[in-house]
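The values are calculated or read from the model by the stated rules, or taken from the named source; none is laboratory data. Everything quoted here is computed from the prediction, not taken from an experiment. Note that we place each Cβ from the backbone using ideal geometry, even for glycine, and neighbour counts take in every protein chain shown. All accessible areas refer to the heavy atoms of the entire protein, side chains included, with ligands and DNA or RNA removed. Shrake-Rupley method; radii C 1.70, N 1.55, O 1.52, S 1.80 Å.
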There are 2 protein chains.
Amino acid sequence: MARESKESRHDRLRQALNEDLFLTDSELARLLGVSIQTVRLDRMEIGIPELRERTRQVAAERLRQVRAISGAEIVGELTHLVLGREGSSSLRITDDMLFTKRAIARGHYLFSQANSLAIAIVDAPVALTGLARVRYRRPVTRGEQVDARAEVLRVVGSRHLIRVVSQVNEDVVFSAKFYIVAKDDAG
Amino acid sequence: MARESKESRHDRLRQALNEDLFLTDSELARLLGVSIQTVRLDRMEIGIPELRERTRQVAAERLRQVRAISGAEIVGELTHLVLGREGSSSLRITDDMLFTKRAIARGHYLFSQANSLAIAIVDAPVALTGLARVRYRRPVTRGEQVDARAEVLRVVGSRHLIRVVSQVNEDVVFSAKFYIVAKDDAG
DNA sequence: AGTTAATTAGTACGTGCTACCAATGAGCAG
DNA sequence: CTGCTCATTGGTAGCACGTACTAATTAACT
């Protein structure tokens, strides 16, 4: 019986850590059927840090993301804003926004960008979406930057009608009309 | 000069860790101006685990989230599905879906749940949202479970008209109509 | 058989702790 | 002042999970 190739063991190592980040070298050794030293040599070769460092990196990344999300009620980056009138934001499509099988962004990212921009424009303590009409013009793919521009069309009492148009370069990829209801803080 | 109260030191400890999770006991000791033993006694008293355990917990939480997102093309949990006909999913509103200031879920979570459910129903390699009409009936708050039911209303060629109604208990909180365009793999 | 790459064994050391125990100091009641 | 108590500090032993290094063993192949 030929010995397993190093490459295939490396694959199994990566696979195992992919399923469970918190495996110690000794657990990996048992799992792969090799000595602990081999596991360590393997990790060195493919540049996988030790358990504690892996854990640390994941935790740090998570903290970064949590901060980004709780800091941003807005999906995308706000580039321009006149309260009660207009605004714009841009969003770069990254891998985690794609359908896994295809390099096409899931629709709700475009919706979220537009919706959060529309809400940001309404000058009120709390604004809720009441109704939306949405049109997806063409798929958006990895790496593209989506620029959304929003303007207030009409205001009736607490109800704002806002139109958002999202473009990649000069290409309209998405458009929507939102009815946003502003509520005072007591609401 | 009166010695600082233990309580206020505990506050400073919590504060310090809030700003930087990755402080070792010895760094904390320097920061708080006490010995390392005192830091450890303090941690015991207020139930803060050691650096590695804190890190581990944060990392573990992140993995839970990443899985929830990448494992599911569906937002929410799919509870029922008949391809080409109907389906349902449920989504529990957690803290990270809320506006920070208020316990109200952001609209795009409801949209995402409904949209992903609608796409799941269409029996095609790739399905894209072409158009959506969305109505938010009432705000949804922390801890509520949103059950979305979707049914195909009409199919014309590759275009599917799908209605989704989302309820909390018997209460309709959201409804939408989606035009979903099915594409074959070559598209 | 000789050479080479791969694997295993083993030791010393490092970090960041827990779990202890003993010593010191500060505040206060009797 | 004495005795008591709580808070703080110092120090040691041990543990988990490593790194870094050296040396021995095994397998594979010309």
Give the residue that is surrounded by the most Cβ atoms within 10 Å (Cβ to Cβ), with candidates limited to residues of the range B:25-37 that are within 11 Å of DNA strand C (Cβ to nearest atom) and farther than 24 Å from A:E53 by Cα.
B:S35
Checking A:F111 against (1) open to solvent by 10 Å² or more (accessible area, probe 1.4 Å); (2) within 13 Å of chain B (Cβ to nearest Cβ), which test does it fail?
(1)
So B:V140 clears everything in (1) more than 24 Å from A:A114 (Cα to Cα); (2) open to solvent by less than 50 Å² (accessible area, probe 1.4 Å) except one condition, right? Which one?
(1)
Considering the range A:5-60 alone, what residues qualify as being near DNA strand D (Cβ under 10 Å from one of its atoms), away from chain B (no Cβ under 14 Å) and not polar (S, T, N, Q)?
A:D25, A:E27, A:L28, A:A29, A:I36, A:V39, A:R40, A:L41, A:R43, A:M44, A:I48
Determine if the range A:1-24 includes at least one residue that is hydrophobic (A, V, I, L, M, F, W, C) and either open to solvent by 60 Å² or more (accessible area, probe 1.4 Å) or farther than 27 Å from B:E53 by Cβ (or both).
yes
What is the one condition in (1) modelled with pLDDT of 95 or more; (2) within 12 Å of DNA strand D (Cβ to nearest atom) that A:A2 does not satisfy?
(1)
Condition check for A:G130: outside any helix (DSSP H, G or I), over 30 Å from A:R9 (Cα atoms), at pLDDT 85 or above and open to solvent by less than 60 Å² (accessible area, probe 1.4 Å):
no
Per-region count, the range A:1-23, residues away from DNA strand C (no atom under 12 Å from the Cβ) and under 29 Å from B:R62 (Cβ atoms):
11
